[in-house]
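Novice: I have a structure I would like to understand better, so I am pasting it below and will then ask my questions one at a time.
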Amino acid sequence: MDTNDKVIIAELTKLLLGGSAHISLKDALDGLKPNLRGVKAENMPYSIWQLVEHIRIAQWDMLKFCKDEEHKSPKWPDDYWPKESAPKHESDWDDALEQINADLDEFIELLEHSNLYQKLPHGSGQSIFMEALQIADHNAYHIGEIVAVRRVLGDWKSK
């Protein structure tokens with residue numbers, strides 16, 4: 001791997017983990033009152049739980065797409081958004097966050113050991129580089145929505 005690729009991978013990793021130009025998921029959820037996880041704020045279409053689950057499902061799908069040519073993506077948009085506005089159990093919340101972090105770590109590992117620009121043979125022009133940008137963009141957008149919901153609910157303090 002040449003020096004330029006190492007720089008790009010380091011920057012993509014920072015982008016995926018958040019904290020530079022946008023807040024990380026961990027920071028966006030820090031201090032969230034558990035009773036607000038399933039609340040839909042006025043004029044907001046999703047609860048924080050639904051946003052977290054959507055991030056989990058979409059990121060998992062993009063990771064599996066990159067790694068497994070046999071992977072079948074969920075049906076869009078129905079299977080990417082949970083119907084329930086709140087987790088049924090505390091463990092569902094914990095499991096979702098754990099999977100988001102584990103899948104992100106797995107994707108970064110893939111990023112570090114792949115040809116960034118080689119087209120995925122089972123895709124329609126996608127590469128690991130393009131998928132990294134898509135995951136980062138998608139997560140940042142929905143993490144911003146989490147902050148917006150928390151603000152509307154009066155549960156956000158600027159850091």
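The values are calculated or read from the model by the stated rules, or taken from the named source; none is laboratory data. Please read these numbers as outputs of a predicted model, since none were measured by experiment. Neighbour counts are summed over all protein chains in view; Cβ atoms, including those assigned to glycine, are modelled from backbone coordinates with ideal geometry.
Novice: Please verify whether residue 19 is assigned to a loop (DSSP other than H, G, I, E, B) and either of a type in the set (D, E, K, R) or without any contact (Cβ under 8 Å) to a residue 12 or more places away in the chain (or both), treating the condition exactly as stated.
Specialist: So residue 19 passes the test.
Novice: Follow-up. Does any residue of the range 116-126 turn out to be in contact (Cβ under 8 Å) with a residue 24 or more places away in the chain and within 16 Å of the chain's Cα centre (by Cα)? Before you say what the answer is, go through the steps one by one.
Specialist: Step one: filter the range 116-126 for residues in contact (Cβ under 8 Å) with a residue 24 or more places away in the chain, giving 116, 120-123, 126.
Restricting the remaining residues to those that are within 16 Å of the chain's Cα centre (by Cα) gives none.
No, every residue in the range 116-126 fails to be in contact (Cβ under 8 Å) with a residue 24 or more places away in the chain and within 16 Å of the chain's Cα centre (by Cα).
Novice: Please determine whether any residue of the range 32-55 is among the aromatic types (Phe, Trp, Tyr) and within 24 Å of residue 130 (Cβ to Cβ). If you could, list the steps in order and put the result at the bottom.
Specialist: Just the residues of the range 32-55 that are among the aromatic types (Phe, Trp, Tyr), to begin with: 46, 49.
Now narrow it down to the ones that are within 24 Å of residue 130 (Cβ to Cβ): none.
Within the range 32-55 (the criterion being among the aromatic types (Phe, Trp, Tyr) and within 24 Å of residue 130 (Cβ to Cβ)), the answer is no, since none of the residues qualifies.
Novice: Is one or more of the residues making up the range 1-10 within 15 Å of residue 143 (Cα to Cα) and surrounded by 12 or more Cβ atoms within 10 Å (Cβ to Cβ)?
Specialist: Of the residues in the range 1-10, the ones within 15 Å of residue 143 (Cα to Cα) are none.
No; the residues of the range 1-10 include none that is within 15 Å of residue 143 (Cα to Cα) and surrounded by 12 or more Cβ atoms within 10 Å (Cβ to Cβ).
Novice: Which of (1) out of contact with any helix residue (DSSP H, G or I) (no Cβ under 7 Å at 6 or more places or on another chain); (2) touching a residue at least 40 places away in the same chain (Cβ under 8 Å); (3) of a type outside the set (Val, Ile, Thr); (4) over 24 Å from residue 122 (Cα atoms) is the odd one out, the single condition residue 69 does not satisfy?
Specialist: The number of the failed condition is (4).
Novice: Sticking with this structure for a sec: Among the residues in the range 149-158, are any of a type in the set (S, T, N, Q) and either out of contact with any Ser or Thr (no Cβ under 8 Å at 6 or more places or on another chain) or without any contact (Cβ under 8 Å) to a residue 12 or more places away in the chain (or both)?
Specialist: Initial filter on the range 149-158 (of a type in the set (S, T, N, Q)): 158.
Remaining after also requiring either out of contact with any Ser or Thr (no Cβ under 8 Å at 6 or more places or on another chain) or without any contact (Cβ under 8 Å) to a residue 12 or more places away in the chain (or both): 158.
Within the range 149-158 (the criterion being of a type in the set (S, T, N, Q) and either out of contact with any Ser or Thr (no Cβ under 8 Å at 6 or more places or on another chain) or without any contact (Cβ under 8 Å) to a residue 12 or more places away in the chain (or both)), the answer is yes, since at least one residue qualifies.
Novice: From the list 111, 29, exactly one residue is of a type in the set (A, V, I, L, M, F, W, C), at pLDDT 95 or above, closer than 24 Å to residue 148 by Cβ and under 16 Å from the mean Cα position of the chain (by Cα). Which is it? I'd like the intermediate steps shown before the answer.
Specialist: Numbers: 111 fails: closer than 24 Å to residue 148 by Cβ.
Result: 29 is the single residue among 111, 29 that is of a type in the set (A, V, I, L, M, F, W, C), at pLDDT 95 or above, closer than 24 Å to residue 148 by Cβ and under 16 Å from the mean Cα position of the chain (by Cα).
Novice: In a helix (DSSP H, G or I), of a type outside the set (Lys, Arg) and loosely packed, with under 14 Cβ neighbours inside 10 Å: which single residue out of 92, 79 fits that description?
Specialist: Details: 92 fails: loosely packed, with under 14 Cβ neighbours inside 10 Å.
Answer to the check: 79.
Novice: Assess whether residue 42 counts as being among the acidic types (Asp, Glu), touching a residue at least 60 places away in the same chain (Cβ under 8 Å) and farther than 26 Å from residue 12 by Cβ.
Specialist: Answer is yes for this residue.
Novice: Among the listed residues 72, 157, identify the single one that is outside any helix (DSSP H, G or I) and closer than 17 Å to residue 24 by Cα.
Specialist: Values: 72 fails: closer than 17 Å to residue 24 by Cα.
When all the criteria are applied, what remains is 157.
Novice: When residue 143 is evaluated against the numbered criteria (1) in a helix (DSSP H, G or I); (2) out of contact with any Leu (no Cβ under 7 Å at 6 or more places or on another chain), which criterion, by number, is the only one it fails?
Specialist: (2)
Novice: Turning to a different aspect of this structure: Checking residue 100 against (1) hydrophobic (A, V, I, L, M, F, W, C); (2) closer than 24 Å to residue 11 by Cα; (3) in a helix (DSSP H, G or I); (4) in contact with a Phe, Trp or Tyr (Cβ under 8 Å, 6 or more places away or on another chain): exactly one of these is not met. Which one?
Specialist: (4)
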